[in-house]
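What follows is one structure encoded as structure tokens, with my remarks underneath.
The values are calculated or read from the model by the stated rules, or taken from the named source; none is laboratory data. Everything numeric here is computed off the predicted structure, so don't read it as measured data. Backbone-built Cβ (ideal geometry, glycine too); neighbour counts: all protein chains shown. These accessible areas exclude ligands, DNA and RNA; they are computed on the full protein's heavy atoms, side chains included. Shrake-Rupley method; radii C 1.70, N 1.55, O 1.52, S 1.80 Å.
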Amino acid sequence: MQSFAFIRTEDASTAIASGAKSKTAQQGASVRFVAGGTTLIDLMKLNVERPEHVIDINRLPLDRIEPLADGGLKIGATVRNSDLANHAIVQRDYPVLSQAILAGASAQLRNMATTGGNLLQRTRCMYFRDTASACNKREPGTGCSAIFGANRTLAILGTSEHCIATNPSDMNVAMAALEATIHVQGINGARSIPIGDFHLLPGSTPDRETVLEPGDLITHVTLAPPAPRSRSFYLKLRDRASYEFALASAAVVVTVEGGRVTRARIALGGVGTKPWRSTEAEALLTGEPVGEPTFRRAANAALRDARPQSQNGFKVELAKRCLVHALKEATL
Amino acid sequence: MMSVIGRAQPRVDGPLKVSGKALYASDHRFPGMVYAVPVCSTIANGEIQGIDTSAASLMPGVHAIFHRENIGTLFRATVNHEFGADMVHLDETRAPLEDDVIRYYGQYVALAVADTFERAMAAADAVKVTYRSLQPNVDGQLAPETNRKTESERGDPAKAFGEAEVRVDQTYDLPPETHNPIELHASVALWDGTTFTLYETSQGVVNHRNVLAQMLGVSKENVRVITKFMGSGFGGKLWPWTQSALAAAAARQLDKPVKLVVSRRMMFQNVGHRPRVQQRIRLSATRDGRLTSLRQDWVNHTSILDDYKENCGEATPQMYSVPNLRITSALARRNVGSPSPMRGPGAVPGLWATESAMDELALKLGIDPVELRLINEPELDEGLKIPFSSRHLKECLTTGASRFGWAERDPRVGSMKRDGLTLGWGMAGCSWQAARFPCAAAVELRDDGTARVSCATQDIGTGTYTIVAQLAGETLGLPIDKVEAVLGDTQLPAGPLSGGSAATAAVVPAVLEAAGKAIDALLALATTAPGSKFAGRKAADLEYTSGRVHPKGEPATSGIAFETFLRLGNLGAVSGLGSSEGCGAFGTTKPKFSSHSFGAHFVEVTWQPEIARLRVSRVVTVIDAGRILNPLAGRNQIEGAVVMGIGMSLFEETSYDQRTGAPINSNLADYIVAANADVPALEVHFVEYPDTKLNALGARGIGEIGLAGVAAAIANAVYHATGVRVRELPITIEDLLT
């Protein structure tokens, strides 16, 4: 851990102007916003993050959950995960989101972690977190230790020869299935980004994880009104029964009419380098009769491009079973 | 007679712990104290070429960067394995910073000391070390490199195996496991120019003192070691580790108090672990289930410099009746830190293998696994050829079977269902040696009407304060709130290690004797104290009952409170010193009886193949550990051990990166232990047969027995549910995802 300046601000434009002084908003940023701190402070202690300026955004008025006129929901960036998961509207209209958040971390962590922070949660790849190891995400060009190392928990979808790190968030998986929109305030004004465009595949630049630029501040997330007659479900599979990152998870939002799927939104967690929306699975489900054969075909499609590593081949079948079971639960 | 013993007594130290008043090693702070953070090697095999401290030395608040050339002299200790006041034992024998050779990943190469913890961390990070690096060997396949050693032998097992009708020949693997007590290892060292005072988290303050005196080159009298409270040790804190010597050496060099807290990552590198063990088990039996041979050939990894043997044959020679037996051991050297005992060392890995093999044999024979064990119950310890002091394994098996409902078991794989889940039922027997260490203890009766009992043993979180206070209170006839128990300080009479489930058995006779002697001293005082009602009478005519002295034959209520005599004699206290000799595995004399605790675990798992989800849903454990002194603390020990067994079976494994030799999952997110949600309903039952051949109260230790056998019972249940026989722990999703 190195010394840093801690700045508490009550004004978003000050925070944004300070953030814009950093060369990057990605790995290696010299300015970081902190809200719950559950990822950032942890990584600072490990010397993985070494910001010179840490700007506390907890006093910005971004901690509200507000229903929108169109029936959707606006979620402030600093809303705590526990408040979001237990919110009556979320539980009624977006149960998949509540279930996903409650499947993650511990009660203590959820009390601190925020919506914006969770969108930016960093990978748990052990080599990323160990400064003695080579890691292209932490130090571009040094190589990937995980590909020939301990990779049991790492990604099988969206990987590259440079990085196979998993996006560890549960919330993001539900947000992907709900097609959330992320609202960002930057030095050139506000913009909104569909969650599918927000996270980047590692490719040859795994240090770049999102489209954020220096100074960009996530202000809130909006959800569209729940699809009529849709049901949703989040299933998380892991070694122990709680307090562990997913080996595979699935967020499903489906509408069934007359025994057939009329609309499906599918995202997988624990297997992708980003929250893994599967439009292939959605297409295969739509119009098809509810039941295991349909679900299995969808699961096969979702994992068709999987590229397992030496230790995580089991994730292909595990993710398929996870998706099939989640679909069964959502269509009971 | 015994009113306090056997009562469910809440912890006497509970209020201190829940109110935060109990000070653990790293809670101690002193004026002028500085903080030390080790620099760990980032290679596992090679040599230090250079250490550049120039940048680190200039950082704010930095007092010193120590390394081989400026730490001062640190000696190796001359070990003395004999248990007792003069014991000198440690698992990593090399003195820290002794040479420039790196033999395992994370080995301490330097020590940064600064005025705050954060500044010391930053300085440690800024020390630049260059290495000549060699390929480390952390290979998980353990071909024995050193000679195989025969541990126990009888009959001709090879011949019996060759002639047998039914045989099992399988190899069982256990990965390295890391002790993860919540309380990290920590040392706070004070030096006054002559004497060291070391606040440690030690399961053996006397041994720790003896080792550190030698390493620091001072006499034993000039080292005091204090461990008042411990956030668990699980064996990892039995022996001193190198951070203790480093903290003391830094305190001496700087003439300041030094605090050194080992990080969670260092817990995986520098302070011991249960080694990887591979065991080949060969069993043979007659068609009607009588064992004809048993062979156990194990190899465990050890460090480059030290020979740590994981004694997997601890329970094997006496567990079952078998005429032909051979147990052999071997070591394989790896670039890892020294292994160290972990709860139930030897027996826990050993029984994982032998009790799994017994289940495989039962299947081949078509005999119920409980029945197979009953058939092979021995009459005596066939290894030592002496009788058991007390053995009730059969009753553990039958009581467990009945409490679990074992009679309802359908042996066909995957045949049992409940609520849409497949059930698996498995069981295993268990055993752990019963022994006691040598021990001394003192009891005082004080002029304020209270008593003090003291012993340089430790309460490692298991309830020793409470047991000692109960014992003294019982013997002195005083309520427990009138008894002060003082432990964890080398200035007290030399007490035992808190390990081997042998502390309680050692403390019992010593405290009983000390209390008796204190009463004798009191009665003598009553006959001599000026103004005493009993002045001039013979002490032999007086009696002490529940805090009062009275003539023999008269009611206790007629007596006089003991503090009266102390006041008359102008004495603050009368005292007695008691001691007991070691016996069994931890003693010096050849035992007449074979003493062990026994037990049986019955496990139910639920299996959901559609999502490859396995959970332990029910455990019934029956333990024969002699008299249970405190059922609350006793049950707590067994339940905790079963939870640890769930972790051992399903989650725990220290993973070494084959290229760097680093234990790469060195944190509690990646090294998975059981969480609360993994813990099902646990039923613990004690069959209480006091083992009075071991000590007067008939109590055996219960710290380890609860973990032995759990992994086999779970693996056996997993087979029953899934048809998959897992012989390499932990049992993971990928093993079952067929």
Next on the checklist: Pairs please, first residue from region A:143-165 and away from every other protein chain (no Cβ under 14 Å), second anywhere and modelled with pLDDT of 95 or more and in a strand (DSSP E or B), Cβ atoms under 7 Å, 6+ apart in sequence or on different chains.
Outcome noted: A:Ala155/A:Gly272; A:Leu157/A:Gly272; A:Leu157/A:Trp276; A:Gly158/A:Gly272; A:Gly158/A:Trp276; A:His162/A:Cys144; A:Cys163/A:Cys144; A:Ile164/A:Cys144
Checklist entry - Does region A:254-293 hold any residues that are over 30 Å from A:Leu154 (Cβ atoms), hydroxyl-bearing (Ser, Thr, Tyr) and outside any loop (DSSP other than H, G, I, E, B), and which are they? => result A:Thr255, A:Thr262
Checklist entry - Here is a list of conditions, (1) free of Cβ contacts under 8 Å to residues at least 24 places away in the same chain; (2) more than 30 Å from B:Val39 (Cα to Cα); (3) of a type in the set (Asp, Glu), and A:Asp42 meets all of them except one; can you say which number that is? => result (2)
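Is one or more of the residues making up region B:192-201 surrounded by 15 or more Cβ atoms within 10 Å (Cβ to Cβ) and charged (D, E, K, R)?
Yes, there is a match, as at least one residue in region B:192-201 is surrounded by 15 or more Cβ atoms within 10 Å (Cβ to Cβ) and charged (D, E, K, R).
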Checklist entry - In region B:389-411, which residue that is over 28 Å from the mean Cα position of the chain (by Cα) and of a type outside the set (A, V, I, L, M, F, W, C) is surrounded by the most Cβ atoms within 10 Å (Cβ to Cβ)? => result B:Arg409
Checklist entry - Across region B:657-684, what is the total count of residues that are more than 9 Å from chain A (Cβ to nearest Cβ) and not hydrophobic (A, V, I, L, M, F, W, C)? => result 5
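Here is a list: A:Thr78, A:Thr9. Which entry is away from chain B (no Cβ under 14 Å), surrounded by 16 or more Cβ atoms within 10 Å (Cβ to Cβ) and in contact with a Ser or Thr (Cβ under 6 Å, 6 or more places away or on another chain)?
One residue alone meets the criteria, A:Thr78.
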Checklist entry - From the list B:Ile65, B:Ile71, which one is of a type in the set (Val, Ile, Thr) and touching a Ser or Thr at 6+ places or on another chain (Cβ under 7 Å)? => result B:Ile65
Next on the checklist: Restricting to region A:136-169, count the residues that are among the small types (Gly, Ala, Ser), closer than 30 Å to A:Ala77 by Cβ and either in contact with a Cys (Cβ under 7 Å, 6 or more places away or on another chain) or open to solvent by less than 10 Å² (accessible area, probe 1.4 Å) (or both).
Outcome noted: 3
Checklist entry - Is it fair to say B:Thr606 is polar (S, T, N, Q) and under 23 Å from the mean Cα position of the chain (by Cα)? => result no
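Considering B:Val109, B:Val138, which residue is open to solvent by less than 30 Å² (accessible area, probe 1.4 Å), assigned to a loop (DSSP other than H, G, I, E, B) and within 14 Å of another protein chain (Cβ to nearest Cβ)?
B:Val138
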Checklist entry - What residue, of B:Gly553, B:Gly582, B:Gly572, B:Gly536, is crowded, with 18+ Cβ neighbours inside 10 Å and more than 29 Å from B:Arg373 (Cβ to Cβ)? => result B:Gly582
Checklist outcome for this item: Among B:Ala95, B:Ala77, the single one that is touching a strand residue (DSSP E or B) at 6+ places or on another chain (Cβ under 7 Å) and at pLDDT 95 or above is B:Ala77
Next on the checklist: Any residue at all in region A:122-135 that's open to solvent by less than 10 Å² (accessible area, probe 1.4 Å), free of Cβ contacts under 8 Å to residues at least 24 places away in the same chain, within 10 Å of another protein chain (Cβ to nearest Cβ) and not β-branched (Val, Ile, Thr)?
Outcome noted: yes
Checklist entry - Just for strands (runs of 3 or more DSSP E) wholly inside region A:170-245: which have at least 3 residues that are open to solvent by less than 30 Å² (accessible area, probe 1.4 Å) and under 24 Å from A:Arg92 (Cα atoms)? => result A:217-223, A:230-237
Item to check | Extreme residue, most open to solvent (accessible area, probe 1.4 Å), among residues of region A:99-109 that are under 16 Å from A:Ala246 (Cα atoms) and either assigned to a loop (DSSP other than H, G, I, E, B) or without any contact (Cβ under 8 Å) to a residue 40 or more places away in the chain (or both) | outcome: A:Leu102
Checklist entry - Does region B:413-421 contain any residue that is within 23 Å of B:Glu639 (Cα to Cα), touching a strand residue (DSSP E or B) at 6+ places or on another chain (Cβ under 9 Å) and hydroxyl-bearing (Ser, Thr, Tyr)? => result no
Checklist entry - Applying the selection to region B:607-640, what residues are open to solvent by less than 30 Å² (accessible area, probe 1.4 Å), more than 14 Å from every other protein chain (Cβ to nearest Cβ) and not in a strand (DSSP E or B)? => result B:Ala625, B:Ile628, B:Leu629, B:Asn630, B:Ala633, B:Gly634, B:Gln637, B:Ile638
Checklist entry - Is it true that some residue in region B:279-297 is buried (at least 24 other Cβ atoms within 10 Å of the Cβ), assigned by TED's automatic domain parsing to the domain that holds B:Ala713, out of contact with any helix residue (DSSP H, G or I) (no Cβ under 9 Å at 6 or more places or on another chain) and not basic (Lys, Arg)? => result no
Checklist outcome for this item: If we ask which residues in region B:24-48 are over 18 Å from B:Ser187 (Cα atoms) and assigned to a helix (DSSP H, G or I), their number turns out to be 0
Next on the checklist: Quick check on this structure: which one of A:Ala248, A:Ala302, A:Ala319, A:Ala326 is in contact (Cβ under 8 Å) with a residue 12 or more places away in the chain and away from chain B (no Cβ under 14 Å)?
Outcome noted: A:Ala302
Checklist entry - Looking at (1) away from every other protein chain (no Cβ under 14 Å); (2) open to solvent by less than 70 Å² (accessible area, probe 1.4 Å); (3) on the phi < 0 side of the Ramachandran plot; (4) not aromatic (Phe, Trp, Tyr), which is the one condition that is false for B:Thr78? => result (2)
Checklist entry - Which of the residues belonging to region B:590-606 are within 14 Å of chain A (Cβ to nearest Cβ) and either among the hydrophobic types (A, V, I, L, M, F, W, C) or over 21 Å from A:Arg238 (Cβ atoms) (or both)? => result B:Val605
Checklist entry - In the list B:Ile65, B:Ile71, B:Ile51, which residue meets the criterion of being within 36 Å of the chain's Cα centre (by Cα), more than 14 Å from chain A (Cβ to nearest Cβ) and not in a loop (DSSP other than H, G, I, E, B)? => result B:Ile65
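Given the options B:Arg618, B:Arg627, B:Arg635, name the one that is farther than 30 Å from B:Pro387 by Cα and touching a residue at least 24 places away in the same chain (Cβ under 8 Å).
B:Arg618
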Item to check | Selection status of A:Arg138, assigned to a loop (DSSP other than H, G, I, E, B), touching a helix residue (DSSP H, G or I) at 6+ places or on another chain (Cβ under 7 Å), farther than 27 Å from B:Asp139 by Cβ and at pLDDT 95 or above | outcome: no
Checklist entry - Restricted to region B:679-715, and to residues that are in a helix (DSSP H, G or I) and touching a helix residue (DSSP H, G or I) at 6+ places or on another chain (Cβ under 6 Å), which residue is farthest from B:Leu632 (Cα to Cα)? => result B:Ala715
